[in-house]
Each structure stands twice: as structure tokens, then as C-alpha cells.
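To start, I am sharing the structure in question, which I have written as C-alpha cells.
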Amino acid sequence: MNEEIKLTADLFEPLSEDEKNHEFIAAQSKTYFQDAWGRFKKNKMALIGLAFLSVMVILAILVPMFSPFEYDGMDLTALNEMPSLTHPMGTDKFGRDIFVRVMYGARISLSIGFSSAFICLVIGVVYGGIAGYVGGKTEMIMMRIVDILYSLPNLLIVILIMLIFGSNVISILIGICITAWIGMARLVRTQVLTLKEQEFALAAYVLGASRSRILFKHLVINCMGPIIVNVTMLVPSAIFTEAFLSFIGIGISAPAASWGTLANEARTLIESNPIQIIWPVLSICLTMLSLNFIGDGVSDAFDPKKK
């Protein structure tokens, strides 16, 4: 017996500590969003877009607060001045500092863009999630309502609401959000219809989770990738809609200024002083371009096929 034990000990020698860890692969544990952020950082254009948007937001907050000029302050001794150290973007036909007005306009345009995207996110996720999870006649009725709203011309609805409630930020938000959440609701419904048949949803139901918990804590969380991508596309769309309405004269009322309002005011001076229309148009173009870059980066970051 002792000889057998000795023979076994000779055949099987214990491994050293280095040999035990020879095939060990050290990998940092990452959450879903940490992994997505790591892939997002690899997209240089998306980072540039995020940096530009961050700088624009900071300037929109700080410049109107600390500038010696008011966004509606007139100076009849400095009409239509060219860019200088005192007025980096010059002055308009009333002597108002264009730089301050552009940054003040950024407040309105960006607030409309992000606020409408958030409202559409909440409405679309709740509506689409309920329709997809409940199913049956409830889903049929809810989606037919969506089809009816989708058939209505969005621009006409926005114009009618602004004619009724006046030209202000609230009217524009209501007009944009009435139909803009439809795409989000359809996306969430499709995702929920697919995910609710998965094993993890059935396991949560068996364990006694409520229907609302299953929907919002399990199903919606697992389709956050497409939802976030869709939200990033809603922001530039809302900014462009507001700029278009203000440019044609039915948007934000004076003396408040959005980028569309500034472009509309500078339109009359396009022949004598064309530089005034460049600043708001350039701000709109660069902001929408940066948001599109961010949207592409987010799309790649949350795409499981590109891991």
C-alpha cells in the first residue's frame, strides 16, 4: 500500500505557483456601459463631436452670465460693426453683440433639442414598452393610435400649436413632441416583443417579479443600446425644426434669440453685411455635425457585432 502511494506521488508532482497561474488571463470586469464607453472613446470623430458640444454648452451657460453686454442691449453708436476684440463676432443692426446673442441662442436651441429628446424618450419607452409587453387587443389599439398620429403632418401641427399658444419655447416643445415620440415607441415595442420571450424574462416571472418590474427592470434595460442611439438622433432633428421655424418667422419671438431667429434677422443684411448670417448658420451646422458624430459613435459602441 505504501509503495502504491509512493509510486503515485512520483507520477503526480504538485505544480509551482508560477505554473498554476500560467494560463490565467487577467481581465478587468466591466459593466455594459463601461464597455460601451471604452469602444466609444476609440472613435475619434465621436470624441471631437462630444468635446465641441461640451464647449458649446459651457459657453452657452457662462457667456451671457459674465459678458459685459446683454443679449438685448442696444448700442446705437456701434451699428453693424465688424468682428473685433470688443465684439468677437461684431454687432447687428441695433448695435447688439452678436457673440452674446449666439451663445444665448445656443441656450434656447440646445434646451429645446435635449428637452424634446428627453420627453420623447419617456413617452416612447413607456408607451412602446406597455404595447409590446401586454400584447393582444391592447397592443393593436395602441399601435393604431400611433399610425393615426404618424399620418399627421408634423410641421403643420407645430405651426397650428404655435398659432394657438403663441411663439414660445413651450409651444415648440409641444409641437415637436406630439409626433416625435412615435419612432421611439415603435422601436421599444419591437425590442420588447423579442425580449419578453427570452429565458431571463420567464425566470423573473417565475420568481414572482411584477409585470412592471419585468418590463422596466429587465426588458427595457436590455434594449437601452438602440434607445440611446435613437435619442441622439432626436436632438439634432429638434434643433433643426426649431431653427427652421424661427428662420421663417414663426419661432421664438423677439427679443429672445435662437439660432434660427438670428439667421432670420441677418437675412435682410446678407448683401451689405453677410458675415452676420454666417455665425448662427455655422453654429447650427457644427452642432448638428457634432451630434451626428456622437450618434455614430454611440451606435458603434452599443452594437454587439462590433465588440
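If residue 157 passes every condition in (1) of a type outside the set (Gly, Ala, Ser); (2) modelled with pLDDT under 85; (3) surrounded by fewer than 14 Cβ atoms within 10 Å (Cβ to Cβ); (4) closer than 30 Å to residue 105 by Cβ but one, which one does it miss?
(3)
To keep it simple, each residue is scored yes or no on (1) surrounded by 15 or more Cβ atoms within 10 Å (Cβ to Cβ); (2) within 22 Å of residue 283 (Cβ to Cβ); (3) in contact with a strand residue (DSSP E or B) (Cβ under 9 Å, 6 or more places away or on another chain).
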position: 116; (1), (2), (3): yes, yes, no
position: 124; (1), (2), (3): yes, no, no
position: 135; (1), (2), (3): no, no, no
position: 143; (1), (2), (3): yes, no, no
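Quick one: count up the residues across region 187-218 that are surrounded by 15 or more Cβ atoms within 10 Å (Cβ to Cβ) and either outside any helix (DSSP H, G or I) or among the basic types (Lys, Arg) (or both).
Going through region 187-218 one residue at a time, the tally reaches 3.
Moving on to the next point. Taking the criterion of being within 21 Å of the chain's Cα centre (by Cα) and without any contact (Cβ under 8 Å) to a residue 60 or more places away in the chain, would at least one residue in region 204-222 satisfy it?
Checked against the condition, which is being within 21 Å of the chain's Cα centre (by Cα) and without any contact (Cβ under 8 Å) to a residue 60 or more places away in the chain, region 204-222 yields at least one hit.
Still on this model: Is it true that residue 176 is surrounded by 17 or more Cβ atoms within 10 Å (Cβ to Cβ) and touching a residue at least 40 places away in the same chain (Cβ under 8 Å)?
Yes, satisfied.
Can you work out which of the residues in region 132-155 that are in a helix (DSSP H, G or I) and under 24 Å from the mean Cα position of the chain (by Cα) is farthest from residue 201 (Cα to Cα)?
Here the answer is 155.
Separate question: Only one of 86, 77, 8 is hydroxyl-bearing (Ser, Thr, Tyr) and at pLDDT below 65. Can you tell me which?
Values: 86 fails: at pLDDT below 65; 77 fails: at pLDDT below 65.
The unique qualifying residue is 8.
Tell me the residue from 74, 82, 65 that is out of contact with any Leu (no Cβ under 8 Å at 6 or more places or on another chain) and farther than 17 Å from residue 262 by Cα, please.
65
So, one more: Is region 127-134 home to any residue that is of a type in the set (Ser, Thr, Tyr), in contact with a Lys or Arg (Cβ under 7 Å, 6 or more places away or on another chain) and at pLDDT 85 or above?
Yes, some residue in region 127-134 is of a type in the set (Ser, Thr, Tyr), in contact with a Lys or Arg (Cβ under 7 Å, 6 or more places away or on another chain) and at pLDDT 85 or above.
Still on this model: Name the residue, out of 158, 122, that is within 30 Å of residue 247 (Cα to Cα) and touching a residue at least 40 places away in the same chain (Cβ under 8 Å).
Going through 158, 122 in turn, the sole match is 158.
Specify the residue that is nearest to the chain's Cα centre (by Cα); the eligible residues are those in region 90-125 that are in a helix (DSSP H, G or I) and of a type in the set (Lys, Arg).
107
Quick one: which residue in 299, 290, 258 is polar (S, T, N, Q) and surrounded by fewer than 21 Cβ atoms within 10 Å (Cβ to Cβ)?
Details: 290 fails: surrounded by fewer than 21 Cβ atoms within 10 Å (Cβ to Cβ); 258 fails: surrounded by fewer than 21 Cβ atoms within 10 Å (Cβ to Cβ).
Criteria check complete, one pass: 299.
Each row is one residue, and each column tells you yes or no for (1) closer than 24 Å to residue 291 by Cα; (2) without any contact (Cβ under 8 Å) to a residue 40 or more places away in the chain.
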residue	(1), (2)
232	yes, no
238	yes, no
243	yes, no
246	yes, yes
250	no, no
260	yes, no
271	no, yes
275	no, no
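The values are calculated or read from the model by the stated rules, or taken from the named source; none is laboratory data. Bear in mind the structure is a predicted one, so any value in this text is a computation, not a measurement. All Cβ positions, even for glycine, are placed from backbone atoms using ideal geometry, and neighbour counts span all protein chains on display.
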